[in-house]
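Below: one structure, written as structure tokens.
The values are calculated or read from the model by the stated rules, or taken from the named source; none is laboratory data. No experiment lies behind these values; they were computed from the predicted model shown. A quick note on method: Cβ atoms are made from the backbone with ideal geometry, for glycine too, and the neighbour counts reach across all protein chains shown.
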Amino acid sequence: MVLLIVCWILYYTLHSVLATQTVKDAVIGFWPAAGRFYRLAYNQLSVWLFLLIFRYQLGLPEHELLVPGPVLTAVGSGLMVVGLGLAVAALRGYDLAEFAGWAYVRRGPAAALTPLSVSGMNRWVRHPLYLGLLVGLLGFLLTGPTSTRLAFVGCTLLYLLIGTRLEERKLLRRFGLAYARYQRRVPMLLPAWPRAAE
């Protein structure tokens, strides 16, 4: 169990470090052609490492923390469906080619010039994808409250709370005053009606 927690912490730490502009600039400084492929490679590495650790987690013995009855299982399943729906709705508000990294391969640095999106799910929360993940993770834990799932959900929750703050800093650097106004108007993760524009 300790090894699993260490794996998740290392994974999320690497995920955050590689997402920083400092590391990206260092890689591009060493290998200029990497600029077009950095985001794509970052996403590929993230997905495959996640699947590798998750596969390792599935092979570990499960220790039930609570026997999930039909109500808990139904609530958990419902939350996973809602979380998935929120995540899909959130992704519809993004340029998926930029999100995945393909836009950078095709257009280079110009792909980063997309404007700040404040429509769709972004009208209610600044990080709707993270909201969907949080709801889905809670459902995942409730459908099978085991020690390994708790370790995964706990590490992921910690990462999302820290990662969201790091993402906020990056967005402030990228969009400046427009993002600062957006921050004042729209909550970070928990939905609320946006206040009137300033």
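Keeping to region 1-30, report how many residues are assigned to a helix (DSSP H, G or I) and either touching a Pro at 6+ places or on another chain (Cβ under 9 Å) or closer than 19 Å to T156 by Cα (or both). Total meeting the criteria: 18. Taken over region 19-56, the criterion of being under 21 Å from R165 (Cβ atoms) and either β-branched (V, I, T) or in contact with a Ser or Thr (Cβ under 8 Å, 6 or more places away or on another chain) (or both) is satisfied by T20, T22, V23.
Tallying residues that are under 16 Å from the mean Cα position of the chain (by Cα) and touching a residue at least 60 places away in the same chain (Cβ under 8 Å) within region 21-49 yields 2. Only one of the numbered conditions (1) within 27 Å of L18 (Cβ to Cβ); (2) hydrophobic (A, V, I, L, M, F, W, C); (3) modelled with pLDDT under 95 is not met by L84, and that is (3).
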